[in-house]
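Chemist: What follows is a structure written as structure tokens; I'll ask about it next.
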Amino acid sequence: MVKSSQRCILFRMRLILKVLVANIAMNMVAGILATSAKARTQKDCDETRERQALQQSEPKNWVSLYRVFKQFGQCDDGAIGEGFSEDVAQLLSKQWTHLDALSRFTTADKTFERFVLRHVDATLSDGELKVIANNSRLHCPTGEKRLCQLLRTRAQSALDEMRKYSK
């Protein structure tokens, strides 16, 4: 005959097992949905759009980068993605005084904010990342503290990643 304490332990073990199985199932579903969304996005970027994206001239300001993002953001992979990273780096390092324009776009369109932040990455040069980190720390315009913090965090993470893999 099973004692009361043993039944309690068995009940707890079953409960823990159910929670673990449910958690694994939820993670699997989330992974499938994310993979599906990525595949759907990449499918939207056919060869013609990919070729057009590669032929775009370098954006001169945040307005033109936003336009290119709206037209070709679904092609954000491989060489096109690296080009986007370089565009973001150039604008952040050479046009820091126009951070207010970036802020207006990122406030109105959170997908663009995620896009910009995603492209402050380890594909950029050490120098570009240091400029972005320093500008966001030392030259943050009034009212842009949140955006500066996000940019500084991304630049520092990318620098840390570069150091980790250079050892």
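The values are calculated or read from the model by the stated rules, or taken from the named source; none is laboratory data. These numbers come from a predicted model, not from an experiment. Every residue, glycine among them, receives a Cβ derived from its backbone with ideal geometry; neighbour counts consider all protein chains shown. To get the accessible areas, we keep the full protein, side chains included, count just its heavy atoms, and leave off ligands, DNA and RNA. Shrake-Rupley method; radii C 1.70, N 1.55, O 1.52, S 1.80 Å.
Chemist: In the stretch 51-138, what is the volume of the convex hull around the alpha carbon atoms, normalised per residue and reported in Å³?
Modeler: 89
Chemist: OK, next. Which pairs break 30 Å Cα to Cα here: K130/K167; K60/K167; K94/K145; K70/K167?
Modeler: K60/K167; K70/K167, as the Cα separations exceed 30 Å there.
Chemist: Continuing with this model, one more query. Taking 8 Å as the Cα distance limit and 6 or more residues as the minimum spacing, I'd like the relative contact order of the stretch 36-154 as a percentage.
Modeler: 23
Chemist: If you don't mind, there's one more thing I want to ask. Treat every Asp and Glu Cβ in the stretch 40-167 as -1 and every Lys and Arg Cβ as +1, leave all other atoms uncharged, and give the resulting dipole magnitude about the Cα centre to the nearest 20 debye.
Modeler: With Lys and Arg at +1 and Asp and Glu at -1, about 480 debye.
Chemist: Hey, which aspartates and glutamates would be in cross-link range of K110, C-alpha to C-alpha under 17 Å, not counting anything within fewer than 8 residues on its own chain?
Modeler: D76, D100, E144
Chemist: Provide the net charge surrounding S64, with neighbours chosen by a C-beta distance below 12 Å and charges set as Lys +1, Arg +1, Asp -1, Glu -1.
Modeler: In short, +1.
Chemist: Show me, for the stretch 92-103, the HN-Hα J-couplings you get by feeding each phi into the Karplus relation (A = 6.51, B = -1.76, C = 1.60, θ = phi - 60°), rounded to Hz, glycine and proline as x.
Modeler: 5, 8, 9, 10, 4, 5, 9, 4, 4, 5, 4, 4
Chemist: Given a 1.4 Å probe and heavy atoms of the protein chains only, how would you sort E82, E50, E128, largest accessible area at the top?
Modeler: Descending order: E82, E50, E128.
Chemist: Considering only protein heavy atoms, with the full assembly of protein chains and a 1.4 angstrom probe, order H139, H119 by accessible area, largest first.
Modeler: Highest to lowest solvent-accessible surface, that is H139, H119.
Chemist: Give me a comma-separated list of calculated 3J(HN,Hα) values for the stretch 117-126, in order, Karplus coefficients 6.51, -1.76, 1.60 applied at θ = phi - 60°, integers in Hz, x for any Gly or Pro.
Modeler: Karplus-based 3J(HN,Hα) across the stretch 117-126 equals 5, 4, 8, 8, 9, 6, 7, 7, 6, 3 Hz.
Chemist: Heads up, I need the accessible area for Y66: 1.4 angstrom probe, whole protein in place, Å², nearest 10.
Modeler: Roll a 1.4 Å probe over it and Y66 shows about 50 Å².
Chemist: With every protein chain kept in the model, how would you rank K130, K60, K167 by accessible area, 1.4 Å probe, largest at the top?
Modeler: Heavy-atom accessible area, descending, gives K167, K60, K130.
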